[in-house]
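Engineer: One structure is given below, represented as structure tokens, and several questions about it will come after.
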Amino acid sequence: MTGFKQKFVDAAVQAGALALAVAFTSALLKAAGASPLETYRQLISGSVDSFAEFAYVLRGWVPLILATAGVLITFTAGLWNIGVEGQIMLGAVFTTWALRLLQGADLPPAVVLAAGIAAGMIGGALWAALAGALKTYGGVHEIFGGLGLNFVATAISLWLIFGPWKRPGIGSMSGTEPFPETLWMTELASGHVSPWALGLAVAGIGVVALLVRNTGFGLRLKAVGKNPCSSHRLGIPPARYMMWAFILCGLFAGAAGALQVTSVYHRLIPSISSGYGFLGLLVAMLAAYRALWAIPIALFFAAINVGSIQLPIMLQLDSSLSGVLQGALVLFVLMAEGARRRWMRSS
Amino acid sequence: MCGENMLIGLAGVLAATAPLIFAVVGETITERAGVINLSLNGLILLSAMGSFAVAVTTDSLVLGFLAGAGIGAAVALVVAFCSITLRQSQVAVGFVLALLCRDLSYFLGNPFMNRPGPVVPSFRLPHALSIDTVTVLSLAAIVLAWVWFFKTRPGLVLRGLGEQPAAAYVRGVPVNRLRYLYTMLGGAVVGLAGPAYSLSVKAGWRGTISGLDGIGWIALAIVIFGGWNPVRAALGAYLFGILQWLGVALQPALPGVPSQVLQVAPFPVMILTLLFVSIGNAEWVARTISRLPLRGRRFLTRALRSLEARPPASLGVPFEG
């Protein structure tokens, strides 16, 4: 009976947090002179009204869930991989590099695309390994090493776009020259989303769910995350496992970047990561670091991102409202969780 | 003549770095008390937008700066409440706030986009130099923080909060209440960085293209580089300012390099310096040094020590009083 009651209390606390986040956002909307109900209606109808719009949501879900899958691994090892943003960018850079190299060769497009995605995954993993080496062998906290590397990744992609890979004539913020359509990943009938990309994303989050919960490697990773000192005494070298966590996360982040190039933009653009890395960290936190919960949450986040695009036109509101709603949700859930532990369990 | 140009350039760096100085000094105060406020990137944007909005509507620079400090203290209060009272991860709460406050500033700042607003005036000095009140205040903040930390009794207690809160508690110090106080004080000082941008260095509010996104993350890295000492942190900030100024100044000499690349050039340097000040903390370094002959060992240990930045022992650790 107590177990059931506990579950009920937990659910009530979560619902309370959601209500608070919505109340907070509604108050902001009121302050900005907009009708909250009308805005929420617009957010939802902007993302699910037609199949085409829902395809846009799925297109955003792919990089978001891949980034989330990656950071779930580093979170398991007790690491705050803020560098995931740069790892996505390096993935995109490596994919662009591979496609540029192979597009002239006499190879079937499928092979070129596969090689491009593989290159992107390797690029992400290399960038992550750099943050990992700074952490484990250089004593630089992963948050600051990662942030610094994010800025360097931005510099690298800007340099490539304005320098060696610039469009014929003059380089611009709109990115490199688009790849020929033969190198675009096939899309569903109505366009916008590639079934291959969707398949990769589903496989990615599935692999991470299994890896963390059902393997010895996942268990040892958890041990390192909970207590590196005692896992060292138990014969699990924390440095090696942290490096593996970074590299695996980099593979997923790199795949996200690779798919942004091959199935969304078909070229390298300066903001290729579109903040999906940071958003993935939020999704992982809101899902309480459980892979299966991350799937619907990432879908919801992707939906309000798409729904908010029309806000400036329809309601003269800034589209950053989606970020406000996402951040408020995570903040209030964190607070509710803390309040529950502090005041409900002890009584 | 060249020397004079140099002097004007350096005075320009001094003024342009003033916001960053507020950010690093404020965060140093907070972290010395044992709390990490990771929300800086969003906090600075929100206080830049809020103080600009207040200054435009009231036509008062002073109220603008007060609003900036107030917003900083309010965001810091959320960090303190979540970490001290609710015992949630400081890193998690700070990171969420960094994103939330950034989007909040873009959302609420929309009506104030590109509006003309008041700008802090600067005074003429001899030799074509000029200085403004914000720069003077930023210099004063460095000195005040240093004196408070190392020359006063409350400053000793402050350092105790971050190093040995249990010992401070036994001696009758209300640890968590003081941590609240210093987190909010530090947040208020960081909050001054906002108006220092939007009312002086980069006057105005231009939403996502204000060019302020990222500053908070840099400030957090500089605090570590500064080894939690306000003077060393300020030197780090000025070094960063000089590197950015050189990036702009060297532009004509390097036509092949796009300007966007030179603007981010200080970051690799930043990572390298972080590596240098942190590598002494790594275990394998200690092990390697212990294998060296005695004379070389002493020299290397001393060299690393002088560079090393050691965080307050209880930084980020909650205290149950």
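Just so you know, all these numbers are worked out from the coordinates, no wet-lab data involved. Remember, it's a predicted structure, so these values are computed and weren't measured experimentally. With ideal geometry, Cβ positions are generated from the backbone for all residues, glycine too; neighbour counts draw on all protein chains shown.
Engineer: For the pair B:Arg177/A:Ala27, report the inter-label distance in nm, with labels modelled 7 Å from Cα in the Cβ direction.
Structural biologist: Between B:Arg177 and A:Ala27, the simple spin-label model gives 2.7 nm.
Engineer: Let me know the mean shielding of A:78-87 by other chains, meaning the per-residue number of their Cβ atoms within 10 Å of its Cβ.
Structural biologist: Working: counts 0, 0, 5, 0, 5, 0, 0, 0, 0, 0.
Partner-chain Cβ atoms within 10 Å, mean over residues of A:78-87: 1.
Engineer: Another question, then. Please average, across the residues of B:83-94, the number of beta carbons from any other chain that are within 10 Å of each residue's own beta carbon, and give a whole number. Walk me through the numbers before you get to the answer.
Structural biologist: Working: counts 1, 0, 4, 10, 3, 8, 4, 0, 4, 7, 6, 1.
Per residue, the number of nearby Cβ atoms from other chains is 4 on average.
Engineer: Determine ³J(HN,Hα), in whole Hz, for all residues of the stretch A:319-331 in sequence, where each value follows from phi through the Karplus function 6.51 cos²θ - 1.76 cosθ + 1.60 and θ = phi - 60°; x replaces Gly and Pro.
Structural biologist: 6, 5, 4, 4, x, 4, 5, 5, x, 4, 4, 5, 4
Engineer: Per residue of the stretch A:333-341, in order, report the coupling 6.51 cos²θ - 1.76 cosθ + 1.60 (Karplus, θ = phi - 60°) as ³J(HN,Hα) in whole Hz, putting x for Gly and Pro.
Structural biologist: So the Karplus estimates, Gly and Pro as x, are 5, 4, 5, 4, 4, x, 5, 4, 5 Hz.
Engineer: With θ set to phi - 60° and the Karplus curve 6.51 cos²θ - 1.76 cosθ + 1.60, what are the ³J(HN,Hα) couplings of the stretch A:94-101 in order, to the nearest whole Hz, using x for Gly and Pro?
Structural biologist: 5, 4, 4, 4, 5, 5, 4, 5
Engineer: Right, next: Tell me, what is the FRET efficiency for B:Arg87 and B:Phe150 to the nearest 0.05, using R0 = 22 angstrom and their Cβ-Cβ distance as r? Before the final figure, lay out each step's value.
Structural biologist: Working: r = 31 Å, r/R0 = 1.40.
E(calc), rounded to 0.05, equals 0.10.
Engineer: For A:Leu268, what is the net charge nearby, where nearby means another residue's Cβ is under 12 Å from its Cβ and Lys, Arg count +1, Asp, Glu -1?
Structural biologist: Working: positive: A:Arg100, A:Lys166, A:Arg167, A:Arg267; negative: A:Glu177.
Net local charge, A:Leu268 excluded: +3.
Engineer: Could you calculate the FRET efficiency of A:Ala19 with B:Leu300 from 1/(1 + (r/R0)^6), where r is the beta carbon distance between them and R0 is 56 Å, rounded to 0.05? It would help to have the intermediate numbers written out before the result.
Structural biologist: On the way: r = 59 Å, r/R0 = 1.05.
Taking R0 as 56 Å, the efficiency between A:Ala19 and B:Leu300 is 0.45.
Engineer: Of the residues A:Leu259, A:Leu315, A:Leu43, which exhibits the maximal mean-square fluctuation in a Gaussian network model of chain A defined by a 10 Å Cα contact cut-off?
Structural biologist: Maximum among the listed residues: A:Leu315.
Engineer: Just tell me how shielded A:23-31 is by partners: mean number of partner chain Cβ atoms within 10 Å of each residue's Cβ, no decimals. Before the final figure, lay out each step's value.
Structural biologist: Details: counts 0, 1, 1, 0, 0, 3, 1, 0, 2.
Mean number of neighbouring Cβ atoms from other chains: 1.
Engineer: Within the set of other residues whose C-beta is less than 14 Å from the C-beta of B:Asn41, count the net charge using Lys and Arg as +1 and Asp and Glu as -1. The partial results should precede the final answer.
Structural biologist: Working: positive: B:Arg102; negative: A:Glu85, B:Glu27, B:Asp103, B:Asp213.
Within the 14 Å Cβ shell, the charges total -3.
Engineer: Which value, in debye to the nearest 20, describes the size of the charge dipole of chain A about its Cα centre when Lys and Arg Cβ atoms bear +1, Asp and Glu Cβ atoms bear -1, and nothing else is charged?
Structural biologist: Working: 21 positive and 12 negative charges, 285 e Å.
That gives a dipole near 1360 debye.
Engineer: For the pair B:Met113/A:Arg167, report the inter-label distance in nm, with labels modelled 7 Å from Cα in the Cβ direction.
Structural biologist: 2.3 nm
Engineer: Based on the alpha-carbon gyration tensor of the stretch A:63-292 and its eigenvalue square roots a ≥ b ≥ c, which shape applies: rounded if a/c is under 1.5, prolate if not and a/b is larger than b/c, or oblate?
Structural biologist: On the way: a/c = 2.24, a/b = 1.63, b/c = 1.37.
Prolate.
Engineer: Follow-up. With +1 on each Lys and Arg Cβ and -1 on each Asp and Glu Cβ, how big is the dipole of the stretch B:2-307 about its Cα centre, in debye rounded to the nearest 20?
Structural biologist: It comes to approximately 1240 debye.
Engineer: Under 17 Å from the Cα of B:Lys202, which aspartates and glutamates turn up, not counting those fewer than eight places away in the same chain?
Structural biologist: B:Asp132, B:Asp213
Engineer: Of A:Leu102, B:Gly94, B:Val248, which is farthest along the charge dipole of the protein assembly as shown in the positive direction, counting Lys and Arg as +1 and Asp and Glu as -1 at C-beta?
Structural biologist: B:Gly94
Engineer: On a C-alpha basis, how far is the centre of the stretch A:13-71 from the centre of the stretch B:2-67 in Å? Whole number, if you could?
Structural biologist: So the separation of the two Cα centres works out to 33 Å.
Engineer: To continue, here is another question. At a Förster distance of 60 Å, what's the computed FRET efficiency of B:Ser60 paired with A:Phe217, Cβ-Cβ distance as r, to 0.05? All intermediate terms of the calculation are to be shown ahead of the outcome.
Structural biologist: Working: r = 61 Å, r/R0 = 1.01.
The formula returns an efficiency of 0.50 here.
Engineer: So if I take the centroid of the Cα atoms in the stretch B:141-159 and the same for the stretch A:206-220, what is the distance between those two points in Å?
Structural biologist: 49 Å
Engineer: Whose amide H sits under 5 Å from the amide H of A:His266, counting only residues 5 or more places off or on another chain, with H placed in the peptide plane?
Structural biologist: Close amide H contacts, sequence-distant or interchain: none at all.
Engineer: Could you sort A:114-120, B:14-20, B:204-210 so that the peptide with the highest average Cβ count within 10 Å comes first and the rest follow in order? Show your work: numbers first, answer last.
Structural biologist: On the way: A:114-120: 22.3, B:14-20: 23.9, B:204-210: 17.6.
Highest to lowest by the protection proxy: B:14-20, A:114-120, B:204-210.
Engineer: Starting from the stretch B:129-182, pick out the chymotrypsin sites (Phe, Trp or Tyr not before Pro) whose DSSP state is loop and whose Cβ has at most 16 other Cβ atoms within 10 Å.
Structural biologist: Working: sites: B:Trp146, B:Trp148, B:Phe149, B:Phe150, B:Tyr169, B:Tyr180, B:Tyr182; in loops: none.
Loop-located and lightly packed - none at all.
Engineer: What length, rounded to one decimal in nm, is gained on full extension from A:Thr182 through to A:Asp10, with 0.36 nm per residue of separation minus their alpha-carbon distance? Intermediate values should be presented prior to the final figure.
Structural biologist: On the way: separation 172, 0.36 × 172 = 61.92 nm, distance 5.14 nm.
Residue separation times 0.36 nm, minus the Cα-Cα distance, leaves 56.8 nm.
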